[in-house]
Amino acid sequence: MPETDMNLRVPGPTPVPAEVATAGSQPMVNHRGPEFAASMAAVLEGLKPFFGSESQPLLLTGSGTGALEAAVVNVLSPGDKVLSVTGGVFGDRFAAIAQAFGADVRFLRVEWREAAQVDAVVDAARGIPNLKAVLLTHNETSTGVTNDLPLIAAQLRSYVPQSLLLVDGVSSVGALPFEFDAWDLDVAVTGSQKAWMSPPGLSMIAVSERAWAAHRSATMPRFYWDFTKAQASGEKHTTPFTPAVGIVLALQTALSLMSSESKDAIFSRHERIGSRLRTGLHGLGLDLFAELQVASNTVTAVRLPERPSGSELIRDLRERGIVVAGGQDCLKGKIFRIGHMGWVHEEDIDAVLGALRDCLKGSIVEAAI
Ligand SMILES: *Cc1c(COP(=O)(O)O)cnc(C)c1O
C-alpha cells in the first residue's frame, strides 16, 4: 500500500483533505499579483480566531523551527537572560536556538511526563534578575504533554511583568483553545503541517505590542526572519521574499474548511478524539507516557509494551496501513506517538485501535509458541 493511502498518524505532517491538496497543486500564480494578494488577505484574516488575536499575524516561509528562531532573534539581544521551561525535545530545541544566538539561558527542567508546575515557573522566573523572556512549549509533541499556558501566563504577568513570554504553539494553535490577546502572550508560533491540515512549509506568528517594543531595540542578527519586513509586507497582503505559494493556497482552503466547521467544534472534536484514544489504549492494556491529567489532545505518547518491540510494532502497524512515530532523543525505543491533530475523526482513531489490537494479539500468540 503506498503511504499516501495509509492513515498518517504521525504528529506532523498531518493528513491533508483532498480540496486542500488540490488547492496546493494549482498552476502557479504571480506572487506579486492581485490573486495571490487576495489569498494572503484571506489567510491572515482566517488565522486570527485560532490565535485568539485581533492583530494580523505574520506569515513566514519556513518550518516551525524557523519560526522559533524568528521568535528568538526578533525580540532578544545577546546576553539577555532567558528562562527555558523545558520538558521535552521541542523545549530543549527552543532553548538551544536562544543559546546559539547568545542568550544567557537558565533552565527549569520538568520531568518529561509531567507538565510544568506554575509555582516552580514563577519561582524560577523571580529568581533571575533582569529576566528578559520565558520560553515555554504549550504542547510538547515529544511527550504528549500540554502545559497550562493560561495559568502560567497569568502568574508570570503578575510576578515578572517586565518579562516576555515566548510560546511554541506549533502543535497546539489551531487545535487547542488558544487566546493570544486574552492570555497576554508576547510571541506565539505555529506551523502549517500540524493542526492546519496543510503541507509543511509555512509558519505563522502572533506578536504582542510589548514584543514589538522589544523588537525595536533587540540586536540579535536577523535578515530573512525580520519581523519588520514581514509586517510591512503583510499589511499589503504580500511577503518580503518569494513565499511557498502553493502552501499559502492550500492553507487558504484549509482555513475556509476550518471556519465552516467553527473553532469551537474543532476544539471539542480534538478533546473528544483525545479522550477516545486514551480510553481505547487503556482498554488494550497499554500505558500512556504522559500523566493522564496533562495528556495532550493533539498527540499521544504510549509506552512500548514488552512485545512486540518498538520497531516491530511500528512496522506491523504500517503493514496494517497505520503510520505512527517513534520516540525522540532519550525516548527512542521507549514510546511510540500517535498524532491526532487537524484532519482527524473518530474512525481514524478506531482504525488505529483496531490495528493495535491485532498487532498485540499477534505477538501474544507468537510469544506463546
Ligand atoms: C513539529 C514541532 C516543532 C518543529 O517544527 P518543524 O516544522 O519540524 O520545524 C517545534 N515545536 C513543536 C511543539 C512541534 O510539534
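We did not get these values from a lab; they are worked out from the coordinates using the rules stated. It should be emphasised that the depicted structure is a prediction, and the values quoted were computed from it without experimental measurement. Heads up, the Cβs are rebuilt from the backbone with ideal geometry, glycines too, and the neighbour counts pull from every protein chain shown.
Of note:
- Pairs meeting the criteria (first residue in segment 82-109 and within 16 Å of the ligand (Cβ to nearest atom), second residue hydroxyl-bearing (S, T, Y) and part of a helix (DSSP H, G or I), beta carbons under 8 Å, at least 6 apart or on different chains) are R93/T65; I97/T65.
- Any hit, segment 149-166, residues being without any contact (Cβ under 8 Å) to a residue 12 or more places away in the chain and under 17 Å from D186 (Cα atoms): yes
- Here A67 passes the criteria (1) assigned to a helix (DSSP H, G or I); (2) closer than 20 Å to S256 by Cα; (3) touching a residue at least 60 places away in the same chain (Cβ under 8 Å) except the one numbered (2).
- Residue match in segment 133-154 (condition: more than 11 Å from the ligand (Cβ to nearest atom), over 30 Å from R278 (Cβ atoms) and touching an Asp or Glu at 6+ places or on another chain (Cβ under 9 Å)): yes
- Counted residues, segment 297-316 - those being under 23 Å from A195 (Cβ atoms) and either in contact with an Asp or Glu (Cβ under 8 Å, 6 or more places away or on another chain) or more than 16 Å from the ligand (Cβ to nearest atom) (or both): 2
- Test: residue in segment 339-353 that is in a helix (DSSP H, G or I), buried (at least 20 other Cβ atoms within 10 Å of the Cβ) and free of Cβ contacts under 8 Å to residues at least 40 places away in the same chain: no
- Test: M1 is more than 16 Å from the ligand (Cβ to nearest atom), within 30 Å of D329 (Cα to Cα), in a loop (DSSP other than H, G, I, E, B) and out of contact with any strand residue (DSSP E or B) (no Cβ under 8 Å at 6 or more places or on another chain): yes
- Evaluating A265 against the criteria (1) over 14 Å from V352 (Cβ atoms); (2) in contact (Cβ under 8 Å) with a residue 60 or more places away in the chain leaves one unmet condition, (2).
Every residue, every condition in (1) assigned to a helix (DSSP H, G or I); (2) closer than 19 Å to V294 by Cα, yes or no:
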residue	(1), (2)
A98	yes, no
G102	no, no
A115	no, yes
V121	yes, yes
A124	yes, no
I128	no, no
L151	yes, yes
R157	yes, no
L166	no, no
